[in-house]
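Shown next, in structure tokens, is the structure this report addresses.
The values are calculated or read from the model by the stated rules, or taken from the named source; none is laboratory data. Only a predicted model underlies this, so the values are computations on that prediction, with no experimental measurement involved. Backbone-built Cβ (ideal geometry, glycine too); neighbour counts: all protein chains shown.
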Amino acid sequence: MNRSLLNFYSSLDVPQPSENIAKEKEFIEATSRICSFNIFSAPGTPISPIEIRLTKDKLSLVASVLSSNEDAYKHTEVILDLCYKIGFRGDVVAEVRILAMLADTALQAEDFTLAFENTERMVDIVAKLRISTSLVVDEVRVGEAAEVCWIACFQLGRQPEFQDLPKKMTLLGQALELCPSEKIHDVLTAWRKLEAEDIHDRRENFELRRSQAASATKTRNMHFITRDVASSLRARLQDFHVPSPPLLSTPDAAALASRTFKTVAANFSFSVGHRGRSDTDERGSFSSEGSRRIDDDVSSQASRVFSKGIGWLIGAEDQA
């Protein structure tokens with residue numbers, strides 16, 4: 001606050017200030033704050049306190065603050081307080097206009113969360129005004145506030161970059177309630193487009209949830225089947241006893257196998273077949289006794305060979 005403003009501000013400190021004095025003090029505070037935002041009345045020329053006072057549309061000063069400072073829209077209460085102090089305290093229509101400015105600036109900055117909050121705040125104010133208003137003059141002002149409000153709702157609700165579909169449908173529903181009859185078609189067109197997107201998203205979400213549920217059920221069933229099969233197999237194996245095979249590598253087993261196969265070999269006939277006549281020709285004749293002796297030798301040798309081969313096959317040593 002410059003010195004002249006400070007001196008004038010100090011002169012207003014009286015024991016019991018009137019309403020006009022209180023408003024003047026607030027206006028001086030607002031003037032000092034507006035000057036601190038580096039607003040220019042002309043290129044290279046900062047706005048002066050007298051220019052602020054002579055400005056007819058004081059709300060345009062707030063618009064200049066928001067356009068000149070990229071982060072100003074984030075401080076909603078500070079901007080609203082500035083609106084009150086430049087002469088709009090208690091003016092709900094002016095408050096709606098300021099909130100519309102804040103919402104629009106947030107929309108330009110793609111801060112959709114803050115834009116939605118300010119728009120909803122506007123809707124609440126207008127809804128309360130429509131309930132409490134009875135005078136014709138007040139109805140006109142409420143109409144002005146509703147006009148500002150539905151446009152803000154419509155702009156944010158049809159914004160493609162704003163991805164929150166439920167909130168967008170809420171905004172268009174509010175715009176549909178507040179807009180004049182000649183604008184209903186425009187709002188309904190945007191509403192139907194969002195409704196089609198909502199149905200498509202709901203169908204996709206439903207299919208995804210059903211697929212996930214089917215997959216979870218299949219996994220759970222496979223777990224139960226595997227567990228039941230394992231339990232049944234374990235129970236059956238507990239009742240199933242397989243006799244242990246004899247240890248063929250032990251000496252007793254080898255001896256037993258050797259004797260067994262010797263007995264089998266002894267009873268196995270390896271005789272050589274011969275003709276049943278006793279007389280042959282003179283050079284190649286054999287007697288019945290010689291033939292029998294040869295057959296016995298062949299049978300004995302074959303038995304020993306067979307016994308040895310079987311014993312070697314099962315790992316048993318030949319025992320005489």
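Observations
- Qualifying position, being closer than 20 Å to Ile125 by Cα and surrounded by 19 or more Cβ atoms within 10 Å (Cβ to Cβ), among Arg97, Arg89: Arg97
- Scanning segment 104-118 turns up one or more residues that are in contact with a Lys or Arg (Cβ under 6 Å, 6 or more places away or on another chain), in contact (Cβ under 8 Å) with a residue 24 or more places away in the chain and either within 25 Å of Gln159 (Cα to Cα) or not assigned by TED's automatic domain parsing to the domain that holds Ala152 (or both).
- Some residue of segment 45-58 being of a type outside the set (Gly, Ala, Ser), surrounded by fewer than 17 Cβ atoms within 10 Å (Cβ to Cβ) and part of a strand (DSSP E or B): yes
- Residue in segment 155-178 that is part of a helix (DSSP H, G or I) and among the aromatic types (Phe, Trp, Tyr) present: no
Results for (1) more than 30 Å from Ala196 (Cα to Cα); (2) more than 33 Å from the chain's Cα centre (by Cα); (3) acidic (Asp, Glu), shown as yes or no for each residue.
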site: Lys58; (1), (2), (3): yes, yes, no
site: Lys74; (1), (2), (3): yes, no, no
site: Asp81; (1), (2), (3): yes, yes, yes
site: Leu99; (1), (2), (3): yes, yes, no
site: Thr113; (1), (2), (3): no, no, no
site: Asp124; (1), (2), (3): no, yes, yes
site: Glu147; (1), (2), (3): no, yes, yes
site: Arg158; (1), (2), (3): no, no, no
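- Per the listing Asp91, Asp71, Asp57, Asp81, the residue uniquely under 30 Å from Glu161 (Cα atoms) and charged (D, E, K, R) is Asp71.
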